[in-house]
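Before I ask anything, let me first share the structure, which is written out below as structure tokens.
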Amino acid sequence: MRELVIDLASGKQEWIDFVPVHSWASCEHIPDNLFDHRFEYIDHRFTTPEDFIPSAVKSAMSASIYSRDLSDFIERPTSNPCLDLPKSLHRNGDFARHMTRAYTDILKTRNALEAVRAVNDAHARLTEHGYSYAMSDEQITNLAKRKSRDFSRVLSAIPLEESQARFDKACQLLDSLGLAFSPKQIQYAENNCELFALVNRALDEHWLVRQLRRKCAYEVECVARDLALVQRRKQVYCSDFSLNRQRDRNTSNRIALENTIAYDEADPSNYFTLSELSAKSVSNAEIRRAEMFVRLRGFEEIAQESSHDAVFFTVTAPSRFHSVSKGDINPKWLEAGKPDAKAAHAYLMGVWANLRKSIDKSKIKVYGMRIVEPHQDGTPHHHLLLFMEKSARKFVTSEFRRLAMADSPDEKGAKKARFKAEVIDWSQGSAVGYVAKYLSKNIDGQHIDSDKGSSLSGSDAAERVVTWARVNQIRQFQFIGGPSVTVWRELRRLRDEFKEDDALFTDLSQDEHFLLEKVRRSADEGDWKAFCYAMGGVFVKRKDQPVKAEYSVSTSIEKLIASGGEYSSTRYGDMAQARLNGLMFHKIFIATRFRTWKTENKEQFIRAQQGIMSNVVDYFDALEREKEYERMYDDLYEQYEKHLALYDEMEALLLTDPQEINASCWVGAAPPDMMH
């Protein structure tokens, strides 16, 4: 069937044969004139398919063919290389997309086999205990509840008297989740016969939630380093997954603090939310940063007055601790067994411990501060600002260098990057100003426009650094030397001056009272230098400090009475740790905590307070309905009239002339008492 077809775009017309097609079977019987031009002639000599095969091809087909598999060296043309990833990656939740990115990044620099192997290894590590470390917080909570019930069911079959057997079984159950008690915890429990308390912890869902959160956060960060995701060009300092998870935790904690009330047990009307109390403590980043600057400034003033030198040290771990080198996986790191951030921090702490031993033998004292921060790949390094006598500076520097370079001293770049020492020139600037950027970068990033180690702003970089420290459970700041900061904080709670005539201090001499007041006043005024001098100097030992923190004196009797002769216990049954109650000065206890606080849900607390007030209102309404107030008013009015009558009588007596009183006696009136 021929039809005229018009091309709308060009306007051309053409007659075309249209052949109807009704079925697939009929297609082979339909002639197709469009391809007739391919065949110029018909050769009737070839009647079978084999006749079309040339003789040379036939001989080659009968010969043996030797082949070699080159598939590993050929890139497969595929539009989606992620199809090679295991189907079970979805178990890793939001972290699956980061694993997919790692796969594509490895595919660009290496082959598909290595990329698949790396992702499979990461998936195996994430799910080694039957659950994914990358699961959500809600899933962690549900897992803890389920395991708490399962563990209780298993341990209920073991009698309570067999504490060792129950403890061994609890350890086995925890090991199935990848959890364990520390050797220090076990040793302490064995010494105090409190293994049952560790068993109770293993059965408590709240304890399991905390442990699982810590475990999951740490393992996911380790996997991110295994996949080379944590580096300058990708996710600097820590993984994006850990950052988002920490943000969610911060939000959850903030909501919990806002919805929890701390109230005075003796006066429930005196209450605060925990968020308000947190904002007034060192939990507040601004307060924490300000306190560090005050203490460091005090050290600097003491060093200048004492003619001490200040040296800023930077110590870095060997190359085998760094997961990334030039944007790719570090081969030395792989050979070393993939050491994590904790291992690198432990190595650096070992170097510092060896230095302390060496300078102690030489009777050299130092004071200052240590700051721990990560490289771009999450490997920690240490900054130390140390103050010391001028005569000791060369020995401390050379000894520190020797210990820092003792491990792998000949590796490339070791002499340049592994150890640095800079002497602070007092004429050029302040030591505090030198380390100010390091303090701010590791707290909240205030006063830092941009981070030199990345392309981030100061606040964004600080958020990632703080997340790195929390995930890896590494302490960021540590002061070296100086008196107890706990005593400093407790004395700042006392605003009133210590009076000499106070009954509490009657046994103190004038000099002792002056020393105690000087310590209190220096803390109250925020003068760390004066506080150090009053407490015995920057090199004073804890046992030689005049004022010490006291943890148990004021409540030990209360604990004995309340518990029937035993100290109060924790929710797990073991003995509760002593709480800070005050200070001790020359065997005199100074109370700094005068209230007993309790916590309660905000909504329940307010509802209870409203219930109390509503009961009071109902009571007054009942009195009013019974006209009790009117009777009370009548009684008061009668008392008032009697009072006025008595007042008039007394006033008349005072205004009467004495002669009138004498005359009244002659007419039979009783004589007044003054006439006897």
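The values are calculated or read from the model by the stated rules, or taken from the named source; none is laboratory data. Since we're looking at a predicted model, the values are computed, not measured. In this analysis, Cβ positions are derived from the backbone assuming ideal geometry, glycine residues included, and neighbour counts consider all displayed protein chains. Areas reflect the complete protein model, heavy atoms only, side chains present, ligands, DNA and RNA absent. Shrake-Rupley method; radii C 1.70, N 1.55, O 1.52, S 1.80 Å.
I'd like the GluC sites (Glu not before Pro) in segment 247-335 restricted to DSSP loop residues with at most 10 other Cβ atoms within 10 Å, sorted by number.
Those that pass, being in a loop and sparsely packed, are E265.
Using modelled amide H (1.01 Å from N, peptide plane; none on Pro or chain starts), what sits under 5 Å from the amide H of G582, excluding residues fewer than 5 places away?
HN-HN under 5 Å from G582: E550, T592.
How high is the relative contact order of segment 151-244? Use alpha-carbon pairs under 8 Å, at least six apart in sequence, and give a whole percent.
After rounding, I find 21 percent.
Contour minus end-to-end for S156 and M650, with contour as 0.36 nm per residue of separation and end-to-end as the Cα-Cα distance?
169.3 nm
At a Förster distance of 30 Å, what's the computed FRET efficiency of K326 paired with A346, Cβ-Cβ distance as r, to 0.05?
0.70
Please work out the FRET efficiency for the pair F395 and K543, using the Cβ-Cβ distance as r and a Förster radius of 25 Å; give the result to the nearest 0.05.
Once rounded, the FRET efficiency stands at 0.35.
For segment 403-469, which trypsin sites (Lys or Arg not before Pro) pass both filters: DSSP loop (anything but H, G, I, E, B) and at most 16 other C-beta atoms within 10 Å?
Here the sparse-neighbourhood loop sites are K412, K452.
Compute the distance from the alpha-carbon center of segment 110-154 to that of segment 328-371, in whole Å.
Using only Cα atoms to place each centre, the spacing works out to 32 Å.
In whole Hz, what ³J(HN,Hα) sequence does segment 293-300 give by Karplus (6.51, -1.76, 1.60; θ = phi - 60°), x for Gly and Pro?
Coupling constants for segment 293-300: 5, 4, 5, 5, 5, x, 4, 5 Hz.
Would you grab the residues whose amide H sits under 5 Å from the one on Y367? Only those 5+ places off in sequence or on another chain, please, with H modelled 1.01 Å from N.
For Y367, the qualifying residues are F387.
Can you figure out the FRET efficiency of F589 with H206, using R₀ = 41 Å and their beta-carbon distance, to the nearest 0.05?
Between F589 and H206 the formula returns 0.75.
Roughly speaking, what is the stretch gain from A256 to N120, that is 0.36 nm per residue apart minus the C-alpha to C-alpha distance, in nm to one decimal?
Result: 45.2 nm gained on full extension.
Return the distance in nm (one decimal) between the two label points of a simple spin-label model at R489 and A112, each offset 7 Å from Cα along Cα→Cβ.
It works out to 5.7 nm between the two label points.
Next question, about the same structure. Give me the percent of accessible area attributable to carbon and sulfur for segment 457-552, probe 1.4 angstrom.
Answer for segment 457-552: carbon and sulfur cover 44 percent of the accessible area.
Taking the alpha-carbon centroid of each part, what is the distance from segment 202-240 to segment 158-182 in angstrom?
25
On to the next question. What residues of segment 265-287 lie in the reach of a label at Q446, counting those whose backbone N is under 15 Å from a point 7 Å from the Cα along Cα→Cβ?
Counting only backbone N, you get 279-287.
Using the structure shown, select from K390/K543; K332/K415; K147/K602; K416/K441 the pairs with a Cα to Cα distance greater than 22 angstrom.
Table pairs above 22 Å Cα-Cα are K390/K543; K147/K602; K416/K441.
If you count only protein heavy atoms with a 1.4 Å probe, what accessible area per residue comes out for segment 133-243, rounded to a whole Å²?
47
If you don't mind, there's one more thing I want to ask. Can you list the lysines whose alpha carbon is less than 22 Å from that of K338, not counting same-chain residues fewer than 8 positions off?
K215, K234, K326, K412
In segment 254-309, what percent of the accessible surface is made up of carbon and sulfur (1.4 Å probe, ligands and nucleic acids excluded)?
The nonpolar share, carbon plus sulfur, comes to 51 percent.
May I ask you to compute the full-extension gain from K642 to T506, defined as 0.36 nm times their residue separation minus their alpha-carbon distance, rounded to one decimal in nm?
43.7 nm
How much of the accessible area of segment 317-452, in percent, comes from carbon and sulfur atoms when a 1.4 Å probe is used?
That fraction is 51 percent.
Hey, can you find the accessible area per residue of segment 382-539 for me, probe 1.4 Å, expressed in square angstrom?
Value returned for segment 382-539: 51 Å² of accessible area per residue.
Under 8 Å for C-alpha pairs, at least 6 residues apart: give me the relative contact order for segment 379-461, rounded to a whole percent.
15
Tell me, what HN-Hα J-couplings in whole Hz come from the Karplus equation 6.51 cos²θ - 1.76 cosθ + 1.60 at θ = phi - 60° for each residue of segment 365-379, using x for Gly and Pro?
So the J values, rounded to whole Hz, are 10, 10, 8, x, 7, 10, 10, 10, 9, x, 6, 4, 8, x, 8.
Tabulate in residue order the Karplus-calculated ³J(HN,Hα) for segment 345-354, using 6.51 cos²θ - 1.76 cosθ + 1.60 with θ = phi - 60°, rounded to whole Hz; enter x for Gly and Pro.
So the J values, rounded to whole Hz, are 5, 5, 5, 5, 5, x, 4, 5, 4, 5.
Next question, about the same structure. Quick one: if you stick a label point 7 Å off each Cα along the C-beta vector at S269 and E3, how many nm between them?
9.5
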